[in-house]
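Novice: Quick one: this structure, given as structure tokens, is what I'll be asking you about.
Any read-out appearing in this document is the output of simple, stated calculations on the displayed coordinates, not a laboratory observation. Everything quoted here is computed from the prediction, not taken from an experiment. No Cβ is skipped: glycine too gets one built from the backbone with ideal geometry, and neighbour counts run over all protein chains shown.
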């Protein structure tokens with residue numbers, strides 16, 4: 001894009017973050033059209049279908065015609081970016097662990113409800129026991145000496 005181009009996004013954290021970073025790296029100006037303003041502006045233009053092409057046209061026309069509707073995109077420091085990335089990874093790991101524990105509980109409940117009631121999945125020893133013996137029936141087959 002030529003020098004002096006203003007890049008306008010309607011989401012600066014999600015999908016728009018790539019456009020914002022590339023524009024800043026190229027030395028271009030960056031602005032943000034808040035969702036409420038974009039939604040209200042969309043009602044002023046022809047058409048009702050929500051498509052990426054229409055959304056881009058609404059953002060561009062609003063930026064050109066009503067520049068006061070634009071906000072600045074806040075800059076972020078490296079420390080904040082690192083904290084956001086770590087927080088996102090932690091959220092993902094917690095969601096995966098919860099999903100896995102719920103799935104394990106469902107499998108235990110289907111195979112041996114009594115064992116499912118006795119198991120404490122927050123205790124690592126139970127997880128090691130289940131993994132080592134292959135579940136409820138593996139524990140039962142091992143007998144008392146197992």
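Novice: Rounded to the nearest 500, what is the chain's calculated 222 nm mean residue ellipticity when only DSSP H runs of at least 4 contribute -39500 (n - 2.57) each, over all residues?
Specialist: On the way: 7 runs with 89 residues, N = 146.
That calculation yields -19000 deg cm²/dmol at 222 nm.
Novice: Further question on the same structure: Counting other beta carbons within 10 Å of each residue's own, what order do 112, 96 fall into, fewest first? It would help to have the intermediate numbers written out before the result.
Specialist: Working: 112 17, 96 10.
Arranged by neighbour count, lowest to highest, 112, 96 become 96, 112.
Novice: Just check the stretch 6-72 against the gyration tensor rule for me: Cα atoms, a ≥ b ≥ c as the square roots of the eigenvalues, rounded for a/c under 1.5, and otherwise prolate or oblate depending on whether a/b exceeds b/c. The partial results should precede the final answer.
Specialist: Details: a/c = 2.14, a/b = 1.65, b/c = 1.30.
Taking the square roots of the gyration eigenvalues as a ≥ b ≥ c, the stretch 6-72 is prolate.
Novice: Let me ask something else. Tell me the angle of helix 78-111 to the major Cα principal axis of the chain, expressed in degrees between 0 and 90 and rounded to the nearest ten.
Specialist: Between the helix axis and the principal axis of the chain, the angle is about 40 degrees.
Novice: What do the square roots of 5 times the Cα gyration tensor eigenvalues come to for the chain, in whole Å, largest first, as semi-axes of the equivalent ellipsoid?
Specialist: Values: eigenvalues 605, 76, 24 Å².
The answer is 55, 20, 11 Å, longest axis first.
Novice: For the chain, set up a Gaussian network in which alpha carbons nearer than 10 Å are linked by springs, and say which option among 79, 57, 131 fluctuates the most.
Specialist: 131
Novice: Given R₀ = 41 Å, FRET efficiency for residue 39-residue 82 by Cβ-Cβ distance, to 0.05? Spell out each step's value before the answer.
Specialist: Values: r = 33 Å, r/R0 = 0.80.
That pair, residue 39 with residue 82, gives E of 0.80.
Novice: Using 5 Å bins from zero, what percent of all Cα-Cα pairs in the stretch 78-142 falls into each bin?
Specialist: Reading the bins upward from 0: 3, 16, 21, 20, 10, 8, 8, 6, 5, 2, 1, 0.
Novice: How high is the relative contact order of the chain, given as a whole-number percent (alpha carbon pairs under 8 Å, six or more residues apart)? Spell out each step's value before the answer.
Specialist: Working: 101 pairs, mean separation 23.0, N = 146.
Relative CO of the chain lands at 16 percent.
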